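S.K.: Take a look at the following structure, please.
We did not get these values from a lab; they are worked out from the coordinates using the rules stated. All values derive from a computational prediction rather than experimental measurement. Please note: Cβ atoms are built from the backbone with ideal geometry, for glycine as well, and neighbour counts cover all protein chains shown.
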Amino acid sequence: MAMARPKSAGEFDAVELETALLEAWKSENAFQQSIESNRNGAPFIFLEGPPTANGKPGIHHVVARAYKDLVCRWKTMEGFKVERKGGWDTHGLPVEIEVQKRMDLMSNEAIEEFGMENFNQACRDSVWTYESAWREMTERMAYWVDLDNPYVTLENNYVESCWWAMKQMFDKGLLYRGYKVLPYCPQTGTSYSSHEVALGYKEVEEPSVYVKFKLIDDSASILAWTTTPWTLPGNVGLAVGPDVTYVRARITEQAENWVGQGGAAVGEEIILAKELMKEVLRHNVEIIEEMPGSALVGRSYEPLFPEAVPRGDSKTAWTVLEADWVTTTDGTGVVHTAVMYGEDDYNLGMAAGLPAYHTVGMDGAFLTGTHSELDGRYVKECDQTIIELLSAPGGSNGKGPESGLLYREKAYLHDYPHCWRTDHPLLYYAMDSWFVRMTAVKERLLEFNNEVEWAPDWVGEGRFGEWLRNVKDWAISRERYWGTPLPVWRDDEGNMKCIGSITELQQEVAKAVAAGIENPVCPDEVDLHRPIVDGFTLLSDNGKPMYREPFVMDCWFDSGCAPFAQWHHPFDGGEKFNASFPVDYICEGVDQTRGWFYTLLAVSTTVFDKPAYKRCLSLGLILDAEGKKMSKSRGNIVDPWDHFNREGADATRWYMVTAGAPWNPLKFDSNGVRETYAKMFLTLWNIYKFHADYAALDGFDPELSESKVESRPSLDRWILSRLATTAHNYHADFKVWNFHKACRDLEDFIVNDVSNWYVRRSRRRLWDDAETTDKLACQHTLHEILTTVCRLVAPVSPFMVDTMYRNLTGETVHQAAWPLGIPGSLEGATADAWDEEAAAATAVLPPQDMQLEATMALVRELAEVGRRIRVEAGRRQRLPCSQGWIVSGPDMEEFHDILAEELNVETIAVENDLDRFQQIELAPNFRALAPKARSEVNAVAGEIKNADDPSAMFAAIQAGTCEIRGVNIEENDVEIRRVEREGFAASTVMIGQGDDAQQISLVLDMNDTPALLSKGLARDITRRIQAKRKSLDLAIEATIDLEIWTQNAPEMFEQDREWIVTETRAAAAVFHSSSEAPSSNAETFEVDGTSVWFTVQ
RNA sequence: GCGCGGGUAGCUUAGUCGGUUAGAGCACCCGGCUGAUAACCGGGAGGUCGCAGGUUCAAGUCCUGCCUCGCGCACCA
């Protein structure tokens, strides 16, 4: 049995407390113990989204981890078995770039020269650069996750599971090889992800050209516009909008002031979108014909560079095609289509059967055979040549009009992506790529998404749903070095094999070797990375050598495999996997919508035909105090240690959770952490200290004494009811992900109800040296409040409450039961379903008494009202009033003494005669009045409000005889408001709402008597002496010698002198008469014209 | 351009079914109180509820348009 007798609390030092606890947790193995203690509980499966450890962790990582931890701890306290395996994302471009920068290997050639093996080794090492920083942050913030046995995406077992998954897709026909147009840098020989492209947008001015495409069997030309003249040799089609209106316009006269090259002859006919005619054409024209785009579809035109692209068997090459994405916002309403150099172009080309041939090599130069003046030249240097070729009489193909094929050139200013390493413009370039046919499983994706409980729901329905409804095939390959290699081998005829395991690889290698193909040995522990896997040559079914497709996989694929690859499924851990899929809970930033949230679902759908997760908490972005996104480049990342080392992890975590809804962007404000520390944690500590210090002093032991709740004073029953109500609301908010609301309300309860009312009102109860039942009641109450509050706070801020709970109960709060029940421990329960009633039966909360809560709310309200009255009447708080009256309202008899004390009133009485102090005013109740009075409502309301004699009107209303503007006014059409009669110090409060609304007034008697003046003075003197005691740092039980002189003072009664003596623990006291001069070392003060001197020794 | 989410006091924010005096906290000022903690209580000042229309007897709340910030998507031919 644990020691349950609290020790004195001591001063609060968050950092010291937290670091000491971290040590204790470590030596006790507290995290593992908290799981172990629930080993028979129902499982709640959490999946950690793996961070990459090659960047320093910032405060935004702390936020995500706080929410992960919060839910896991909460579920653990509910009795669920919540294992938390850590994970690391270790592959991918960010790692490569980091290494490239460090080693100055800024191109693929450089990497290959350096050696792929060496390079990948460098990546492998680089991955762990900040691992210890992550570990320290994770431990310090008390994110409980198993970092000693994490899954690591670069490990062979993990990669093997990814290979297995890939093979499942391959076997289902969901994996295919194709082209994808990607932003590509010929200098470095790499394509870029959209993230990198975003880094390199630059505003540039480039020549854009309007080109005439001469129709066959027609004198007219179709006009198209492009900002990339180098794509023109690759032109194989023109796209028009089927519903766009086009015109055929004839040039009627030469244009004046022509700038630049190009032009048109009088009589030439040009086709373009009607809407853009004015903007594009510099000549005067006459419109010959109008037609929709659909009328142009199928027309053939002369290729600009007939040599550049072979027709092949294409029937649609060099014809007009329709595309619904063609707009008339710029250009000519006709889009020049070069299949290999634009994404839309490529998709259109594939759909329409255009020939798909490159005119540009991987080095960025025109391929031989494009045009004699262009072959072998870097495309960006050819703009001028192309313009000249087009402008020549007859144009570049010699079949155009005499005026040439160029109509106009125009400098064009736009944002264009550039290589962020070499600064060269990127080329959109069609490249070999592998895809997962996500479009084939779109319906399943949508179904599974509907099954997910999203928080907030609009991310699931909106953002994520939108993404799925527009799902495209997943380009999964990257022509890089450091990643999970694509396990596909291919021969020169296009025969392919996808390898799903090491064993299979070994078998295939053996087969190849048997057929005479040389191969390195393939041991069981073969490293599944480049270049090792590239070294194996396999044998196709037709006996041809097969080489590995030289790609690695998108690293998002790796993390998408986490649910099974973390267990090395299907090779190991079958049970582990089967029992934990789909997972119950994931939680990451909203930026993972297209990232991890998607790839998890994409992989689980294609491989298992199941969803990957049941619940997903999508967190808002973390912004700095100015509302700017935190980023390395802005340098506005907050270092979590700034707060860990100042206010501590508890305050940091509590701040994060209470600052706003989890899914809303969080403006991280350092002052807010400070505020949380001072308000929430300091207050809670002081409540605890108050209890613990007296409990220690009195030897209080909750196990050895008893105090029945129903026989405790109403103040105790009130705070316990508030505790139960707060806990219920807290839990209800947790269930619907409203952690912010839950925690704000709990904080309010702690600060307002417990500290500012209960403890303040109870302070004197514990001062009593004797063992009274009242003191015991207070101690038990405080004990119950604190142990419950500790458990509620523990999932969010796990440190301080554990220290408190340990001292109060001898046990750790992290193995304590959730006060609202422990469903996870019930027979047959799962994370999704449990017996609510049986779970509730395990709850441990005091009884609720809503009536009592309402009454106390009123008492507190009246206490505030009383102070307001005093301020307004200019009567100081310490000068008592002889009498106070409460006018109407519920019975509060049992709280009259509290009120009397709060208000410093001798007696409180109830007065039912309203008219004695007050009169009424009437106010219209619009909700009731409006339907009856309709448009007259304002006029009627005005007459009610301004009634000369409201009492008389109300009497008429009650009698049913009050009619205004034809409307019969009934009682519920008006509200009665009370105002004070002239000459009374009173104030009125409204409680309740709607029909239950009630007004209660407080009236104070402001007349003085000698007795009151004496008492008031005594209180003032006492207060000054107490302050002096405090400033002298005297022990509470120390006694003093007291001397007091007064001048111009009211007579002080003997009983009040005695009161001063006992209150201030004076062993000896001398009250000098007013004729005696005060000692020169006496302190002095003045109150209401009375001067007082005193000495304390 | 499309979608999602915001815009309420100097700052952080609450505001339910539309109901007539928009509520807190921080900071500021005045006063009070304190063996009560970096506290507490009362009061003050501080708001065109992003802008403009509309619906309604009544709009922070509902509708339309616009401005603006954030995020995502698309485009940049």
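S.K.: How would you rank A:463-474, A:610-621, A:233-244, highest first, on the average number of other Cβ atoms within 10 Å across their residues?
M.R.: Highest-to-lowest ranking by the protection proxy: A:233-244, A:610-621, A:463-474.
S.K.: Measure out, as a whole number of angstrom, how far apart the alpha-carbon centroids of segment A:610-669 and segment A:139-191 sit.
M.R.: Going from one Cα centre to the other spans 27 Å.
S.K.: Taking the Cβ of A:Ser161 as the centre, find all other residues whose Cβ is under 13 Å away and add up their charges (Lys, Arg: +1; Asp, Glu: -1).
M.R.: -2
S.K.: Step through the table entries A:Lys214/A:Lys274; A:Lys167/A:Lys735; A:Lys56/A:Lys614; A:Lys68/A:Lys576; A:Lys380/A:Lys628; A:Lys497/A:Lys610, compare each Cα-Cα distance with 29 Å, and write down the pairs that go over it.
M.R.: Where the Cα-Cα span goes over 29 Å, the pairs concerned are A:Lys167/A:Lys735; A:Lys56/A:Lys614; A:Lys380/A:Lys628.
S.K.: Pairwise over distinct Cα atoms, reciprocal of the mean inverse distance: report the Kirkwood radius of segment A:791-895 in Å, one decimal place.
M.R.: After inverting the mean inverse Cα-Cα distance, the result is 18.6 Å.
S.K.: Sorted by average packing, counted as other Cβ atoms within 10 angstrom per residue and highest first, what order do A:52-60, A:562-570, A:1069-1077 take?
M.R.: The most tightly packed comes first, giving A:562-570, A:52-60, A:1069-1077.
S.K.: Right, something else. Taking A:Lys945 as the anchor, which lysines have their alpha carbon closer than 29 Å to its alpha carbon, excluding any fewer than eight residues away along the same chain?
M.R.: Here the lysines satisfying the reach criterion relative to A:Lys945 are A:Lys932.
S.K.: Amide H neighbours of A:Ile1040 under 5 Å, at least 5 residues apart or on other chains, H built in the peptide plane: list them.
M.R.: Amide H neighbours of A:Ile1040, under 5 Å, 5+ apart: A:Ala1066, A:Ala1067, A:Ala1068.
S.K.: Could you name the lysines in cross-link range of A:Lys1028, using Cα to Cα under 30 Å and dropping any fewer than eight places away on the same chain?
M.R.: A:Lys7, A:Lys679, A:Lys689, A:Lys775, A:Lys1015
S.K.: Give the peptides A:105-115, A:331-341 in descending order of average Cβ contacts within 10 Å, highest first.
M.R.: Ranking the peptides A:105-115, A:331-341 by packing returns A:331-341, A:105-115.
S.K.: If you don't mind, another one. Determine the shape class of segment A:226-299: with a ≥ b ≥ c the square roots of the Cα gyration tensor eigenvalues, call it rounded for a/c under 1.5, and otherwise prolate if a/b is greater than b/c, oblate otherwise.
M.R.: Oblate, because a/c is 1.5 or more while a/b does not exceed b/c.
S.K.: Continuing with the same structure: Mind listing the long-range amide H neighbours of A:Val334? Cut-off is under 5 Å, sequence gap 5 or more, other chains count too, H placed in the peptide plane at 1.01 Å from N.
M.R.: A:Trp225, A:Ala273
S.K.: Then there is this: May I ask for the net charge around A:Ala14, where only other residues with Cβ less than 15 Å from the Cβ of A:Ala14 are counted and Lys, Arg are +1 while Asp, Glu are -1?
M.R.: -3
S.K.: What does the charge count near A:Thr138 come to, summing +1 for each Lys or Arg and -1 for each Asp or Glu among other residues with Cβ under 10 Å from its Cβ?
M.R.: Within the 10 Å Cβ shell, the charges total 0.
S.K.: Where the centre of each part is set by its Cα atoms, how far does segment A:249-302 sit from segment A:447-515, in angstrom?
M.R.: 49
S.K.: Before anything else, pin down the relative contact order of segment A:81-195: Cα pairs under 8 Å, at least 6 apart, normalised by residue count, whole percent.
M.R.: The normalised contact order for segment A:81-195 reaches 38 percent.
S.K.: Next question. Quote the relative contact order of segment A:408-506 in percent (integer), defining contacts as alpha-carbon pairs under 8 Å separated by 6+ residues.
M.R.: 23
S.K.: Using alpha-carbon pairs under 8 Å, 6+ residues apart, how would you state the relative contact order of chain A in percent?
M.R.: About 12 percent, as a whole number.
S.K.: Can you list residues from other chains, or at least 5 along the same chain, whose modelled amide H is less than 5 Å from the amide H of A:Met431?
M.R.: A:Lys180, A:Val181, A:Leu182
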